[in-house]
Amino acid sequence: MKLEQTDVFNVAQKAQFRFDCFFGQGNGDWVSYVGDGVDDLDSLIEVINMGTQRDAKFLCDVGAQYNAMRPFDLEDLYRIRAQFIVFYGTVAKPNAYLGTPVVSNPIP
């Protein structure tokens, strides 16, 4: 458990996730996982559960308006998932975005 409870609450509430993962192998590149539903969280949990190298590192974007990357672990993912379900249920894409449709005016 590396994230504060307020970070877990905020990440779940904003319903848009970004997790950067370094699995300690290959050419040293980080992999970004993004999503907005329980299925996306489940996919990342499955990847991390498959096992990682000793020097794996995980960062979660907990920022509201700007990125604020914080270390997280598997237990934090389960906490985010549980809090997300409290807010939105087990939906793949919650209706947590702009309440009214956005319409573009055609250019004359």
*Just checking, how many residues over the stretch 53-71 are within 15 Å of Gly28 (Cβ to Cβ) and either in a loop (DSSP other than H, G, I, E, B) or without any contact (Cβ under 8 Å) to a residue 24 or more places away in the chain (or both)?*
4
*asked:* Name the single residue that is most open to solvent (accessible area, probe 1.4 Å) among those in the stretch 32-52 being small (Gly, Ala, Ser) and assigned to a loop (DSSP other than H, G, I, E, B).
replied: Gly51
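Any idea which of Met69, Met50 is at pLDDT below 90 and either in contact with a strand residue (DSSP E or B) (Cβ under 8 Å, 6 or more places away or on another chain) or of a type in the set (A, V, I, L, M, F, W, C) (or both)?
Only one candidate qualifies: Met50.
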_Tally, over the stretch 1-19, of residues that are more than 9 Å from the chain's Cα centre (by Cα) and open to solvent by 20 Å² or more (accessible area, probe 1.4 Å)_ = 10
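Any residue in the stretch 24-31 that is more than 12 Å from the chain's Cα centre (by Cα), part of a strand (DSSP E or B) and of a type in the set (Val, Ile, Thr)?
Yes: one or more hits.
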*Among the residues of the stretch 82-94, count how many are free of Cβ contacts under 8 Å to residues at least 60 places away in the same chain and touching a helix residue (DSSP H, G or I) at 6+ places or on another chain (Cβ under 6 Å).*
2
*For the stretch 1-41, enumerate the residues that are in contact (Cβ under 8 Å) with a residue 12 or more places away in the chain, over 16 Å from Tyr66 (Cα atoms) and β-branched (Val, Ile, Thr).*
Val8, Val38
*Set Asp55, Asp29: member being modelled with pLDDT under 90, open to solvent by 90 Å² or more (accessible area, probe 1.4 Å) and acidic (Asp, Glu)*: Asp29
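The values are calculated or read from the model by the stated rules, or taken from the named source; none is laboratory data. This one's a predicted model, so the numbers in the text were calculated from it and none came from an experiment. We place every Cβ from the backbone using ideal geometry, glycine too, and count neighbours over all the protein chains shown. Note: areas computed on protein heavy atoms with side chains; ligands, DNA, RNA excluded. Shrake-Rupley method; radii C 1.70, N 1.55, O 1.52, S 1.80 Å.
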